[in-house]
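The values are calculated or read from the model by the stated rules, or taken from the named source; none is laboratory data. These numbers were taken from a predicted model, which means no experiment stands behind them. Note: ideal-geometry Cβ built from the backbone for every residue, glycine included; neighbour counts use all protein chains shown. The protein model used for the area step is the full one, side chains on, heavy atoms only, and it has no ligands, DNA or RNA in it. Shrake-Rupley method; radii C 1.70, N 1.55, O 1.52, S 1.80 Å.
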Amino acid sequence: MQPPYQPYPNGPGALREYHHLQPMAMPGQVRAAQVLFFVMGGFGLLAMVLAIVRGHAEAAGSISVTSLPAFIGLFCALRFPKRKPNSRGTAIFLASLMLFIGFGTMGQGQPVGLVLCAAGVTIVILLSQRRSGHWFRRPVRP
């Protein structure tokens, strides 16, 4: 006698072929890197606006150049949920730039360089992990 239904009509391995079609939540590592880009870009924008309001144009220019990787990283982080091509590599590159700019800023005696270095290293580590790689390598659903 045959059971009333087959739990796997084409066998248990049939579902493995379609695992990429199932929705998957963004891993915590990718979300944390996204939030770090948002925070660093927001702080850079806030510091730049405050420098402009106080009339320190030279300081505002310095802040804008120092925060440029974070500003570009904002746009890159907006592409994380849709796994757009090259968004992970671009984000790792921008975080590396943040790290080097942070070293230069610390060399000038400004403590904000330590924050840039910490954020850059953290983003690189988060996006270099295996789960992050799996997230960006999954096929994009239409």
Check: Of (1) out of contact with any Asp or Glu (no Cβ under 9 Å at 6 or more places or on another chain); (2) of a type outside the set (S, T, N, Q); (3) at pLDDT 90 or above, Ala51 satisfies all except one. Which?
Finding: (1)
Checklist line | region 55-106 - residue that is surrounded by fewer than 16 Cβ atoms within 10 Å (Cβ to Cβ) and among the polar types (S, T, N, Q) and, of those, nearest to Thr122 (Cα to Cα) | finding: Ser96
Next item on the list: Identify all residues within region 41-54 that are crowded, with 18+ Cβ neighbours inside 10 Å and over 24 Å from the mean Cα position of the chain (by Cα); write none if there are none.
Entry: Ala51
Notebook entry, point to check: Of all the residues that make up region 121-133, how many are within 14 Å of Phe80 (Cβ to Cβ) and open to solvent by 90 Å² or more (accessible area, probe 1.4 Å)?
Noted result: 1
Check: touching a Gly at 6+ places or on another chain (Cβ under 8 Å), exposed (fewer than 14 other Cβ atoms within 10 Å of the Cβ), over 14 Å from Gln34 (Cβ atoms) and not aromatic (Phe, Trp, Tyr) - does that describe any residue in region 107-120?
Finding: yes
Notebook entry, point to check: Which one of these does Leu45 not meet: (1) in contact with a helix residue (DSSP H, G or I) (Cβ under 7 Å, 6 or more places away or on another chain); (2) assigned to a helix (DSSP H, G or I)?
Noted result: (1)
